[in-house]
1. Considering Cα pairs under 8 angstrom that are at least six residues apart, work out the relative contact order of the range B:343-426 and quote it in whole percent.
2. Give the long-range amide H neighbours of B:Leu242: residues separated by 5 or more places, or on another chain, with amide H under 5 Å away, using H modelled in the peptide plane at 1.01 Å from N.
3. What full-extension length gain, to one decimal in nm, is calculated for B:Gln210 and B:Val532 as 0.36 nm per residue of separation minus the Cα-Cα distance?
4. Hey, can you grab everything whose amide H is under 5 Å from the amide H of B:Phe20? Only 5+ residues off in sequence or another chain; H modelled, so Pro and N-termini drop out.
5. Using Cα pairs under 8 angstrom and six or more residues apart, how large is the relative contact order of the range A:3-209, in percent?
6. Hey, got a sec? Which trypsin sites (Lys or Arg not before Pro) in the range A:116-159 land in a DSSP loop and have at most 15 other Cβ atoms within 10 Å?
7. Structure shown: which of B:Lys189/B:Lys270; B:Lys189/B:Lys958; B:Lys69/B:Lys189 lie over 28 Å apart, alpha-carbon to alpha-carbon?
8. Quick one: dipole size for the range B:2-231, taken about the Cα centre, charges +1 on Lys/Arg Cβ and -1 on Asp/Glu Cβ, in debye to the nearest 20.
Amino acid sequence: MWDHEIRAMASTHAIIAASMLMATVVPAALVPGFSVYGTHLLWIYSVSGAVAAVSVAIFWLLGISPPTRKHTLGYKLSRLFRSCLYFFLSCMFFHIVVVLYGAPLIDSALETFSLAVLLSSLTTLRCLCVLGPNVQAWIRVFSRHGAMSVWDTCLQITVALTVLGAWMGAFPIPLDWNRPWQVWPISCSLGAVFGYLSGLVVAPTWIHYHRKQLTYKCK
Amino acid sequence: MPAFEETCSSRPAQCRLYPFRADPPTTTMQRIKGLTTGSLPTFVDMGSNFASRAISDDNLIHQFGQVGKRVVFMGDDTWESLFPKKFYRSLPFPSFNVHDLHTVDDGILQNLYTTMVGDEWDVLVAHFLGVDHCGHRFGPDHPAMADKLIQMDGVIRSVINHIENDTLLVVMGDHGMTETGDHGGESQKETDATLFLYSAIPLFPGPPSQDEPDVVPQINLVPTLALLLGVPIPYSSVGQVLLPLFPEFGPAQGAVAGLSQLEALWINTKQVSRFLVTYSALAKDIPSESLAVLQHQYENLSSEYLTFTREGRSPPRELSLALQAYLTSVQDVCRATWARFNPLKMAAGLIILALACLMCFTVSEMSSVLVRENNFRLRATVVVALLVGVCVAAGQLLSWGYVELAWCMAATAFTSELFFLCQALQSKTSTGVKNEAKAPKSASWRTPRYLLSPPLVVTLLRFASMLSNSYVITEGQVVTFLLRSLALYIPLRLNWDGLLLPANQDPSKPASLLPSPASPPSTVRKESSTLVAFFALLVGSLYLSLFFHGCREEQHACQPSPFLSSLARVKDNQLKNIFYVLSVSSLAVWTYLLRKCLQHYGNLNSSGGTVFTARWILPLLSVCLGLHWAVSASPENSFRNLSELIKLAQIFIPRAAYCLLGLGLALIWLDPLTVFVKTRPASGTLKNLSVPPPRYRASTGISPQAELHHLIPQIYQRMRRSLDDGETSGASEVDNRPAVEAYGLGTVYSAPLLLFCGLLGLGLLHLHPEGMALSFLLLLFEMGALLHIHASSTTLCDLRGVYSGGFNVPWTPVVLWSLAATQFFHATGHLPTFSSIQWEAAFVGFPGGHTGTFLPASLVTLNTFASHILFAVGCPLLLFWPLVCEVRGSRAGKASGEGGEDAVMEMRLREKPQLFSSALLQLSARYLFILGLQVFASVCAAAILRRHLMVWCVFAPKFMFEASGFLVSCVSLLLGVSLVLRVDVAVGHWFKRLVPDVSR
Ligand SMILES: [Zn+2]
Ligand SMILES: [Zn+2]
């Protein structure tokens, strides 16, 4: 069962990574003048869209998310609505956090918000897929004994690495090298994406090597 | 200055106008040195701007004196201190008072024309200061500046009209000014001024030609004036003569001395090359290859010149150009390698500093061992170190014949550090062998896992950030970023450990680490929400504090905070009123919060000195501040009839504030207890700990000292219980003393310290521009938020029994605290550059200027390092705050953890004096370690990057600010810790007095 889950996770992650690659390559071929630095916002939205669509599809197909108690259409709709609301709220939350961390307040609000959307689709969306719209569970998952399945552990790793990557992405901004990628928010979004990608790689590997120590109380 | 252009366009043969470029640093004293010695400045002289010492190098004034020229001087008294007794006649006027725009100029003008007309001079130096002071006071775009410039224009015109045929008029600025009217750095606005030359008879062949210099370096004036007046060029000058002032061929007609351009250049070249040879032989810091090139060039030139003169031919124009090129390249080489470095000393200093940091770290990790083991041979260490120092001194005396104190001290410090570390290592191993049980716990600090914990990683990041000029330039934002990140780490970590949310909330959660989490979820929830609320406060105040930053020259897009300029500079009246109201209300909030806090913990009921300070001096001081701001902000012309009164008020209100501050601090020091005890039964209003009453357990049963309970219900209940315990154990009351001391008096340590900080903060605010009141309020918020976050996280750990025991403050809050100190250094408008020093602070309460240099220097120091001082003094609060906040709801946890004790807050510290002292030692050692590491980083940066382009404008000033900040912080930390010890002694005495009463 372990190997099965890990293999499923690895293939899922491969698909997600491939979709991110496609989201970068395909528009470059189709849209004239598309580049990661030049049309950065476009790139951000294309990557976020790809990740969001692929994650939702895969997790829905795999049926990872917690079993719903009711199967009525109304309940499902309200769940969907709440998920969308949470996603939007998390965009706002990330925006505020990034501004508090020193992003310009008014000057490049659109850039900041795009970064927030990217971060949300890399982190919050996964939470939504794995845990459902339940903030309590989200907070609970990020504790030492909070993970209750392989997917929870994977979620911990990818989210932490994504946020860490975005955080580290802020480091080169003050340097006076005058490189194109030092412009706000390119380094941060690149950092987040690289953090996420490394999370995709690290999570299955780490779980594979620590599968003996991992014991989940209830599953 | 229309006078320049008009003269130059109407009489082009008599006048020249050049841009005049100074070498940084552009402080007045350095410029006067440069203008008289012709040498390039060394940066370290900068600090001595106010205690200007006499120039010992060869200089123009000295040379004039040697040949009997009469030098008359008038103006800026810096000259008089640089050249004492060198002038034929001297009329110095006080220069330090920036507010005084007219004394110096009027003094000069009264004497200038009479002197000029008279025949008693050969060289006349008049240094006007009005424009400079006006820039410092109002900035370059103020109407007052226009008035001043018009006045100067008139002066120049009339001097031009008075001048005689044999006189050369040189008008120059010693430096420029920035947008804010300050100077000292090396931006082009600061270095560039004007040089205007005029003579009453035609001096130049015609209007300026193509090959005249574009920009004249300031040092070039020195050889020019020397040769024109027929004196030797000062020895250490590397300047180059200003050729247009010399006739092109042969002896000139009339006024100027008889040197042709080529002769002047030749003399200049010989002098410079002689200096270069001697200097390079002595200092050896000029790269040998460029020295060889220069030497070769010089030999070629000299042989060429000598052949021409021997043959009597007129030398070609190329030779003159080659000589000029030689002089220019010497200047460039000297500029590039001027500062002298001693690599050996630098390495020694770095090693000593690194060892000192390591020592601090060791002390902080071994504080309990140090306190426990009295046989730790500190005295031996000191003795050995002193011995080594004396030995080194003796060795130097024997071998060299003189003593270099630096090396002796270095040897002493090095030995003591080495000795200490060896001993620490020994004791570590011995204790490790002795009790294996304790060994793993105490040895854990040397594992990489411990060293890579986030607070230390943040410290290392900060260390690394000092090595990059971009990070130093944006240090304010960088530190804020690190501070936020580390603060965010606390709740994340708590959540990771499962301590943030109530444990039994989630049934699916695995049974927690503890057998039974005794804390009710409501308490945890409350504590967590406190934590989050204060985290929000912290982040908010951090964000707002970014609006108070100043701007460096390197930050082009930056706008300095509007709060940084004093109110007197604000022109719009309505804006002024808004600023004033904002400042005063934040002042009021500061005072109110402090009083409220003290009142909340019941520290305002006794009649001691501290309480008197809190009740009367604190509000009075803030009223004083408000009044002073009102007076100094009132426009000078609006109340003409009251101007005398305003002048008086400007002197006396700040002085009254200083007196109040001194009185308050002294009172706190003399009588730090805020405990209220009344032994007479009459009074029924005893409230020292009952406002609001901590929920002490009600008395159970009647004791032998029953009547005492009625007299002083709160404390004595506690005492009785302990006396009961004592009786059962059969000990006498005197032996019981520690047990008795353990109760009551919740905030006896923190209250005086808090009040001390608050008063000090008001005093330091007094030295800042008015708008900084808001920033200081944010500082108070941030301090409070940090303390509460620390307290809440400790409590949350406590509630689950994770608490390791002892009062040790973990690294995270200490690192946060030190980062906050740096952050508020920036948020109070300071920057680690010399041009951003707020010199106005020296005139608060002394608008008439100073006579000495100590008082203004210390006022400016206090202003510059205000946040360092406040945070260092308040550092012990980190130790007390978890105990102060304990009463809020962790009692249940305590009850399970420590056997039914009630909240006794800081009295816990007296229960375990050893733990207390070790925790205090650890806290200060940790704080010192972090500060020391910052100094070490800046020293490393300055040492490694000493050939970096930015070294003189970024790294060297950063190093000097960091080092002085470290010294100031050390002194303040000592002050804070000694205040705590003072309170401890006072509490001890108090108990001694109390116990016999109880037993009687
Ligand atoms: Zn000056
Ligand atoms: Zn000045």
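No value in this document is a laboratory result; all are computed from the given coordinates. Everything numeric here is computed off the predicted structure, so don't read it as measured data. Virtual Cβ from ideal backbone geometry, glycine too; neighbours counted across all protein chains shown.
1. 39
2. B:Thr224
3. Stretched out fully, the B:Gln210 to B:Val532 stretch lengthens by 108.8 nm.
4. The list, which skips near neighbours in sequence, is B:Ala193, B:Thr194, B:Leu195, B:Val216.
5. 24
6. Filter output for the range A:116-159: A:Arg144.
7. In this structure, B:Lys189/B:Lys270; B:Lys69/B:Lys189 exceed 28 Å between Cα atoms.
8. Dipole size: approximately 500 debye.
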